[in-house]
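What follows draws every value from the coordinates through simple rules; no lab data is involved. The structure presented is a predicted model; accordingly, all values stated were derived computationally and were not measured. Positions of Cβ are backbone-derived with ideal geometry, glycine not excepted, and every protein chain shown enters the neighbour counts.
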Amino acid sequence: MTESVVEFARRVSAASQQRIGFAATQSIESSGLSVIADIHKHDERRIQLTYRSYESPWMSLEETLSGHVEFTGEELCELTLQLDGKGTWIVNPSTHVVIRKTGSRLFEPLPGLSALGEISFLDTLTHDYLLRDLGEHPKGEMTTRRLGLKPKRSYRSRLLSATSFPFRSASIDFDPETAFPTQIVFYPSEDSPAGAILGPNAAVTIAYSEIKRLEDAPAFRPFEPSADAQVFRESVLPVSELVDRLPFDLPLERLSPWNLAESQRPAVLTFDETAKRGYVSIQADRPHDDDQGRAHLSLLVGNYVSRNMARRRTTLSEHGTADEQIKDVTLLDRTPLWEEQFPGIDAHQAPKEGFFERDGVFWFLSITGGTLEEAAEATRSLASSPAAPSDIVSP
């Protein structure tokens with residue numbers, strides 16, 4: 001006798017609550033997005049994954065417009081990621097470069113949504129959702145049972161906690177024996193980050209295959225860097241503390257209009273303490289006044305070239321121009337790149353950039369909401385040095 005919708009949903013929730021973890025191949029597809037990953041999820045705080053493919057039109061667009069993407073989809077496929085409950089290990093097995101990130105950094109492909117290995121919402125299936133029986137559906141050698149669901153409410157507050165349900169409707173195919181979801185199709189709500197980017201009628205399809213219960217999957221082994229690994233550890237700290245951590249000078253006082261040395265935003269330092277190599281990112285805003293609008297400056301500098309820095313250096317080499325005052329400073333206005341992507345776009349926020357290298361230290365400066373001359377002046381301030389007068393080109 002076929003279980004009723006409520007009976008089946010209760011069994012799904014019970015199985016979800018009892019499930020320790022799982023291993024599977026997961027695919028995520030929607031509106032040009034196509035991601036495939038091998039996932040070992042041991043619990044909500046311990047996940048290991050490797051991307052087989054990662055095609056994201058939004059990531060590609062962000063890289064073209066800003067150049068600030070940490071890893072491209074192609075680069076992510078070279079890495080192994082492990083979330084261990086305290087932070088995230090990013091490992092490149094071919095180069096033995098390891099980065100230890102603070103918090104969870106799995107490079108989720110859906111804006112504003114945790115989708116990688118995320119099925120814990122099934123714990124409260126009968127409590128939070130309106131359910132509908134959509135029958136049985138053949139899928140390979142299996143016949144799945146499909147449930148339709150909608151959130152009972154879009155938002156719920158419980159004084160010190162709040163929960164939102166950022167989708168309009170969904171359907172889920174389940175393995176009737178294990179109660180594990182083999183496919184989830186949902187439509188993000190229009191006011192959600194994913195809905196705003198995907199569009200009002202876009203569907204997201206998530207599929208799981210090669211599913212194994214945790215008992216049948218390899219046990220979780222916390223990552224330990226090998227003896228020959230180059231390990232960079234990320235730390236978030238006040239800008240004022242950088243002087244004691246960096247093996248090179250950081251003359252932020254030269255950027256006096258931006259008050260970078262007194263920035264209230266913390267710096268993000270990624271550093272190999274053994275080799276004394278790494279890079280740091282610092283952000284600051286220019287206050288709004290009557291003559292100048294609000295603008296944002298970011299400075300990325302280090303004696304090690306990250307993947308992002310290497311890509312930015314290539315873009316500057318291909319599209320930038322040499323500064324007229326300091327011969328080894330390269331400047332770039334990304335406005336033409338914006339207009340090429342979106343003809344007629346208001347390119348006021350297109351980044352204006354400067355780059356130079358001194359004594360093995362690489363400096364990348366970017367200003368949004370400002371002018372190329374502002375970026376040039378700021379870059380010259382950092383590049384100019386009384387000890388290196390030959391770098392100045394006489395007028």
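Placing dummy labels 7 Å off each Cα toward the beta-carbon, the span from Glu241 to Asn259 is 2.2 nm.
Label-to-label distance for Ser114 and Lys327 is 5.5 nm, based on points extended 7 Å past Cα in the beta-carbon direction. When Asp84, Asp249 are sorted by how many other C-beta atoms sit within 10 angstrom of their C-beta, beginning with the fewest, the order is Asp249, Asp84. Between Ala203 and Ala227, the distance separating the two model label sites (each 7 Å from Cα on the Cα→Cβ line) works out to 5.5 nm.
On a per residue basis, the convex hull of the C-alpha atoms belonging to segment 5-216 measures out at 150 Å³.
Each residue in Met142, Met309 was given a count of other beta-carbon atoms within 10 angstrom of its own, and listing them fewest first yields Met142, Met309.
With the cut-off at 1.5 for a/c, could you classify segment 1-60 from its C-alpha gyration tensor as rounded, prolate or oblate? Judged from the Cα gyration tensor, segment 1-60 comes out oblate (a/c at least 1.5, b/c at or above a/b).
Here's the list of aspartates and glutamates a cross-link from Lys86 could span, going by alpha-carbon distance under 17 Å and ignoring same-chain residues fewer than 8 apart: Asp43, Glu44, Glu224, Glu234. Note on Thr178/Arg46: beta-carbon distance plugged into 1/(1 + (r/R0)^6) with R0 of 30 Å gives a FRET efficiency of 0.90. Between Lys327 and Val393, the built amide H atoms are under 5 Å apart, and every one of these is 5 or more places off in sequence or on another chain.
If you take all other residues with their beta carbon under 12 Å from the beta carbon of Val35, and give Lys and Arg +1 and Asp and Glu -1, the sum is -3.
Taking a point 7 Å from the Cα of Arg10 along the Cα-to-Cβ direction, the residues of segment 96-125 with backbone N closer than 16 Å to it are 123-125.
Applying 1/(1 + (r/R0)^6) with r as the Cβ-Cβ distance of Ala347 and Glu190 and R0 = 25 angstrom yields a FRET efficiency of 0.40. Listing Ser366, Ser60, Ser189 from fewest to most neighbouring C-beta atoms within 10 Å gives Ser60, Ser189, Ser366.
Estimated at 0.36 nm per residue, the fully extended path between Phe248 and Thr163 surpasses their Cα-Cα distance by 26.0 nm.
The rule of thumb for compact globular proteins, 2.2 N^0.38 Å, goes into the C-alpha radius of gyration of the chain 1.17 times.
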